[in-house]
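Below is one structure, written out as structure tokens, with a few remarks after it.
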Amino acid sequence: MKKIVNFYLEDPHLQQLIRHYLKEDLYLWADGELDEFGRMCAGEIDERAVHTDRDGQPRLIKYNRFGDEVSEIWVNEGYKKTVEETYNRGIVGYIRKEIPELGTKGNYLYSFAQGYLLSQTEPGFYCPVTLTMATALLLDKYASVEVKEKFLDHVVSTGEVELFEGATFLTERQGGSDVGANTVHALVQEDGYELYGEKYFASNSGMCGIAMVLARIEGSGSGTKGLTLFAVPWRKKNGSLNGIHVRRLKDKLGVRAVPSAEIEFEGAKAYVVGQKERGIYYMMEALNLSRICNATASIGIMRRAYLEAKNYTFHREAFGEVLAKYPMIKESLVKLAVMLFSGWQRCSIAPQMIK
Ligand SMILES: Cc1cc2nc3c(=O)[nH]c(=O)nc-3n(C[C@H](O)[C@H](O)[C@H](O)COP(=O)(O)OP(=O)(O)OC[C@H]3O[C@@H](n4cnc5c(N)ncnc54)[C@H](O)[C@@H]3O)c2cc1C
């Protein structure tokens with residue numbers, strides 16, 4: 001059976017879009033980068049993704065050998081390599097900072113192209129990437145200079161400083177769609193705020209260096225309008241947990257590469273981002289970005305499914321012919337191709353992001 005060796009080179013439609021929308025110098029650079037990343041996604045990243053999904057899923061190490069709570073998340077070595085290689089290619093970083101070879105920033109389109117290639121093999125890991133993208137957006141746009149200085153360089157790292165992956169924690173047991181029912185609260189301390197309470201579906205727990213969290217400052221109103229956005233480092237400077245306990249990891253049907261957890265804040269040091277009680281508005285902006293990422297990931301998954309199905313029909317023989325020769329098989333493939341193409345069309349990217 002034909003082996004897919006490079007998701008980028010197999011995809012003239014993607015190459016055409018990149019050429020059409022990116023400025024000349026960025027295009028020339030991105031074309032080479034995506035060629036290499038497309039090969040990696042069809043090669044070593046794909047092999048690691050299979051391992052992560054089947055045998056090497058993240059695990060919670062709740063206690064160390066002395067019986068102390070450590071609430072660490074174990075991930076396999078291949079997954080760590082994929083994390084490092086992907087962020088170092090600027091999937092988050094180059095949206096906000098200069099690409100050294102060009103002296104200009106990248107943009108969301110280049111990042112989404114990477115995300116589309118990555119989602120053809122490891123959509124589970126594209127989830128943390130998008131959370132990190134959202135974290136960078138919120139910090140860059142709304143955080144104070146002091147908070148930005150503490151965290152932003154780490155969130156947009158392409159290898160020069162320690163990477164802090166991001167996370168966005170809204171959901172509570174009683175508050176999923178109904179985020180206004182949230183009860184995680186922030187107590188005022190002499191040097192800032194501390195968070196208390198439980199988050200019920202916290203993706204990238206333990207892997208993130210910093211999480212963007214919605215919480216209610218004591219005395220704030222009820223409902224969504226009483227929520228403030230906080231930046232919460234996962235660990236303190238000395239490496240110990242920042243008043244965060246992981247209760248358990250969710251046993252999910254898919255996207256297994258991302259550890260999604262139930263967590264408890266017990267005095268977690270937290271930094272206000274933006275204006276108090278406007279957290280829901282900031283978070284909604286981040287969720288809008290997630291929507292585009294979700295669409296990107298979805299067409300990545302569709303593309304891989306189509307490629308695998310097509311290649312199989314040219315390999316498998318039945319009744320003396322390869323399946324691809326039979327009219328109903330052709331019809332099925334055409335239907336898949338049309339759905340994929342209309343997915344591409346619907347995934348129209350907000351023009352202000354294509355800069
Ligand atoms: C893989 C995965 C990762 C996740 N990661 C995170 C994360 O990192 N951070 C985070 O904060 N959350 C995360 N979540 C949680 C997710 O945000 C919630 O599941 C979501 O907000 C829905 O909340 P709920 O599950 O409590 O469903 P509910 O709110 O209980 O909804 C149940 C059903 O009722 C419907 N419904 C609810 N309200 C209405 C209404 N007014 N009208 C009509 N229908 C309605 C919903 O559409 C849904 O079908 C994750 C979830 C999944 C599956």
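Quick one: in segment 174-200, which of the residues that are within 8 Å of the ligand (Cβ to nearest atom) and more than 14 Å from Phe230 (Cα to Cα) is surrounded by the fewest Cβ atoms within 10 Å (Cβ to Cβ)? Among those that are within 8 Å of the ligand (Cβ to nearest atom) and more than 14 Å from Phe230 (Cα to Cα), it is Ser177. Condition first: closer than 24 Å to Pro259 by Cβ and touching an Asp or Glu at 6+ places or on another chain (Cβ under 9 Å). Now tell me which residues in segment 103-128 satisfy that. Across segment 103-128, the qualifying residues are Gln114, Tyr116, Leu117, Gln120, Thr121, Glu122, Gly124, Pro128.
Yes or no, residue by residue, for (1) crowded, with 19+ Cβ neighbours inside 10 Å; (2) at pLDDT 95 or above; (3) closer than 23 Å to Asp53 by Cα:
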{"site": "Val255", "(1), (2), (3)": "no, no, yes"}
{"site": "Pro259", "(1), (2), (3)": "yes, yes, yes"}
{"site": "Val272", "(1), (2), (3)": "yes, yes, no"}
{"site": "Lys276", "(1), (2), (3)": "no, yes, no"}
{"site": "Met283", "(1), (2), (3)": "yes, yes, no"}
{"site": "Ala286", "(1), (2), (3)": "yes, yes, no"}
{"site": "Arg303", "(1), (2), (3)": "yes, yes, yes"}
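For first residues located in segment 198-222 and closer than 29 Å to Val70 by Cβ and free of Cβ contacts under 8 Å to residues at least 60 places away in the same chain, partners that are away from the ligand (no atom under 15 Å from the Cβ) and among the aromatic types (Phe, Trp, Tyr) and lie 6+ apart or on another chain with Cβ distances below 7 Å form the pairs Gly209/Phe164. Looking only at segment 133-163, which residues are among the aliphatic types (A, V, I, L, M), part of a helix (DSSP H, G or I) and within 13 Å of Leu229 (Cβ to Cβ)? The answer is Ala134, Leu137, Leu138, Leu139, Val147. Annotation note: Cβ proximity below 7 Å between a residue of segment 271-299 that is more than 18 Å from Gly176 (Cα to Cα) and in the same structural domain as Ile217 (by TED's automatic domain parsing) and a residue that is surrounded by fewer than 16 Cβ atoms within 10 Å (Cβ to Cβ) and modelled with pLDDT under 95 (sequence gap 6+ or interchain) occurs for Tyr271/Gly192; Glu277/Lys225. Considering the conditions (1) touching a Ser or Thr at 6+ places or on another chain (Cβ under 9 Å); (2) assigned to a helix (DSSP H, G or I), Leu117 is excluded by exactly one of them, (1). If the condition is being surrounded by fewer than 16 Cβ atoms within 10 Å (Cβ to Cβ) and at pLDDT 95 or above, then segment 223-235 contributes Gly223, Arg235.
Listed here are the helices (runs of 4 or more DSSP H) enclosed by segment 32-111 that have at least 3 residues being polar (S, T, N, Q): 77-88.
Contact annotation: residue pairs with Cβ atoms under 7 Å, 6 or more positions apart or on different chains, pairing a residue in segment 164-180 that is in the same structural domain as Ser203 (by TED's automatic domain parsing) and part of a loop (DSSP other than H, G, I, E, B) with a partner that is among the acidic types (Asp, Glu) and more than 8 Å from the ligand (Cβ to nearest atom), are Arg173/Glu198.
The values are calculated or read from the model by the stated rules, or taken from the named source; none is laboratory data. Because the structure is a prediction, the values reported are computed rather than measured. Neighbour counts run over all protein chains shown; Cβ positions are idealised from the backbone, glycine included.
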